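Chemist: Take a look at the following structure, please.
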Amino acid sequence: MPYLAKILLYPIKSFDGVEVDKARVLSSGTLEFDREFAIFDERSNFVNGKRHAKIHSLRAKFAIANRTLSLQIPGSNSEQVFHLDREKQAIEVTLSDFFGFPVKLQQNSIQGFPDDRERLGPTVISTATLTEVASWFPGVTVEQMRRRMRANLEIDGVPAFWEDQLFSPQSDATVSFRIGNVSFVGVQPCQRCVVPTRNPDSGLADANFQKIFVTQRQATLPDWVAISRFNHFYKLSVNTIASVSSLETMLQIGNEVAIIG
């Protein structure tokens with residue numbers, strides 16, 4: 001029986017995630033606290049993993065209930081603890097010093113700052129998929145692959161690439177599924193960026209990562225995959241939209257997962 005095995009939130013875009021037992025689906029369809037904050041430069045561009053590999057060397061811990069961030073700056077022997085709401089300016093000063101240019105920490109508690117601004121639901125992947133993909137790269141653990149892919153919801157009790165059933169062969173159609181009492185539609189496979197090619201701790205890129213990934217992804221596509229949705233094979237996990245009837249409801253670890261119809 002497919003079930004929800006992990007919920008991962010990323011309170012600050014491109015920072016480390018935090019694993020939680022339950023998460024609320026907001027009125028926008030996003031998960032509460034996920035990508036609630038993002039860092040911007042003076043030109044209003046994201047300061048994220050796509051543009052700045054240096055961000056990978058930051059270590060962040062979040063205490064969501066207390067609204068605190070514990071930040072470990074490379075070369076520092078101690079963590080700095082900040083309140084996310086009351087000490088934004090202090091966070092900005094610390095991060096500006098780290099990056100070497102002025103940054104601003106902006107907040108959007110309604111829909112956050114997701115990569116896909118049209119499909120605001122959580123990204124979905126299976127534990128078996130992460131295990132399979134990690135096996136393609138010697139020395140890369142499942143946890144490291146999880147940190148590279150940065151999906152929100154992880155499904156267990158299923159084979160690798162089970163989540164590829166959650167999008168339709170037709171680009172103008174969707175697939176309905178339910179996690180506990182929350183209804184979603186799967187829209188499309190998630191196109192990956194440069195971030196998965198990098199070591200999640202050092203930011204160093206593997207020059208062969210994308211080539212190996214594409215070759216293996218194509219070679220291991222299950223029969224259920226809508227191959228018409230793959231103009232290229234550097235895609236993994238599924239973008240979703242939460243249905244209107246599910247908004248302001250909770251997801252919880254252990255929820256059963258079912259494809260509808």
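Chemist: Select from the range 220-237 the residues that are out of contact with any strand residue (DSSP E or B) (no Cβ under 6 Å at 6 or more places or on another chain) and of a type in the set (S, T, N, Q) and list them in ascending order.
Modeler: THR220, SER228, ASN231
Chemist: I need the strands (runs of 3 or more DSSP E) fully contained in the range 121-191, keeping only those with at least 1 residues that are surrounded by fewer than 19 Cβ atoms within 10 Å (Cβ to Cβ) and charged (D, E, K, R).
Modeler: Working: elements: 124-126, 153-156, 175-179, 182-191.
Those strands (runs of 3 or more DSSP E) span 153-156, 175-179.
Chemist: Something else about it: Contact list please: Cβ distance under 7 Å, first residue in the range 5-16 and in contact (Cβ under 8 Å) with a residue 60 or more places away in the chain, second residue among the acidic types (Asp, Glu) and in a loop (DSSP other than H, G, I, E, B), pairs at least six apart or on different chains.
Modeler: Cβ pairs passing all conditions: LEU9/ASP34; TYR10/ASP34; PRO11/GLU36.
Results for (1) within 23 Å of PHE15 (Cβ to Cβ); (2) in contact (Cβ under 8 Å) with a residue 60 or more places away in the chain, shown as yes or no for each residue.
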| residue | (1), (2) |
| --- | --- |
| ASN181 | no, yes |
| GLN191 | yes, no |
| ALA205 | yes, yes |
| ILE212 | no, yes |
| THR240 | yes, yes |
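Chemist: Next question, about the same structure. Just to verify a result, which residue in the range 235-261, among those that are outside any strand (DSSP E or B) and of a type in the set (Ser, Thr, Tyr), is surrounded by the fewest Cβ atoms within 10 Å (Cβ to Cβ)? Even if it seems obvious, please write down each step before you answer.
Modeler: The first filter runs over the range 235-261 and keeps only residues outside any strand (DSSP E or B), leaving 243-249, 253-255, 260-261.
Still in the running and of a type in the set (Ser, Thr, Tyr): 243, 245-246, 249.
Details: SER243: 16, SER245: 9, SER246: 19, THR249: 14.
Once the filter is applied, the top-ranked residue is SER245.
Chemist: Restricting attention to the range 1-18, and to residues there that are in contact with an Asp or Glu (Cβ under 9 Å, 6 or more places away or on another chain) and not in a loop (DSSP other than H, G, I, E, B), which single residue is surrounded by the most Cβ atoms within 10 Å (Cβ to Cβ)?
Modeler: ILE12
Chemist: Another question about this same structure. Tell me yes or no: at least one residue of the range 222-234 is part of a strand (DSSP E or B) and open to solvent by less than 60 Å² (accessible area, probe 1.4 Å).
Modeler: Keep residues of the range 222-234 that are part of a strand (DSSP E or B), which gives none.
No, the range 222-234 has no match at all.
Chemist: A further question on this structure: Within the range 19-45, track down each residue that is outside any loop (DSSP other than H, G, I, E, B) and farther than 22 Å from VAL257 by Cβ. If you could, list the steps in order and put the result at the bottom.
Modeler: Here is the first cut: in the range 19-45, the ones outside any loop (DSSP other than H, G, I, E, B) are 19-20, 22-25, 31, 37-40.
Within the range 19-45, PHE37, ALA38, ILE39, PHE40 meet the criteria.
Chemist: Looking only at the range 198-225, count how many residues are farther than 30 Å from SER168 by Cβ and hydrophobic (A, V, I, L, M, F, W, C).
Modeler: 3
Chemist: With the structure loaded, tell me whether LEU204 is hydrophobic (A, V, I, L, M, F, W, C) and modelled with pLDDT of 95 or more or whether it fails that test.
Modeler: Against the criterion (hydrophobic (A, V, I, L, M, F, W, C) and modelled with pLDDT of 95 or more), LEU204 does not qualify.
Chemist: Evaluate the range 75-86: report whether one residue or more is in contact with a strand residue (DSSP E or B) (Cβ under 8 Å, 6 or more places away or on another chain), more than 24 Å from GLY186 (Cβ to Cβ), modelled with pLDDT of 95 or more and of a type in the set (A, V, I, L, M).
Modeler: Among the residues of the range 75-86, at least one is in contact with a strand residue (DSSP E or B) (Cβ under 8 Å, 6 or more places away or on another chain), more than 24 Å from GLY186 (Cβ to Cβ), modelled with pLDDT of 95 or more and of a type in the set (A, V, I, L, M), which makes the answer yes.
Chemist: State yes or no: is GLY17 under 15 Å from the mean Cα position of the chain (by Cα) and modelled with pLDDT of 95 or more? Lay out the reasoning, then the answer.
Modeler: On the way: under 15 Å from the mean Cα position of the chain (by Cα): yes; modelled with pLDDT of 95 or more: yes.
So GLY17 passes the test.
The values are calculated or read from the model by the stated rules, or taken from the named source; none is laboratory data. Remember, it's a predicted structure, so these values are computed and weren't measured experimentally. Using ideal geometry, Cβ is built from the backbone for each residue, glycine included, and neighbour counts are taken over all protein chains shown. Just the protein is used for accessible areas: all its heavy atoms, side chains included, with ligands, DNA and RNA removed. Shrake-Rupley method; radii C 1.70, N 1.55, O 1.52, S 1.80 Å.
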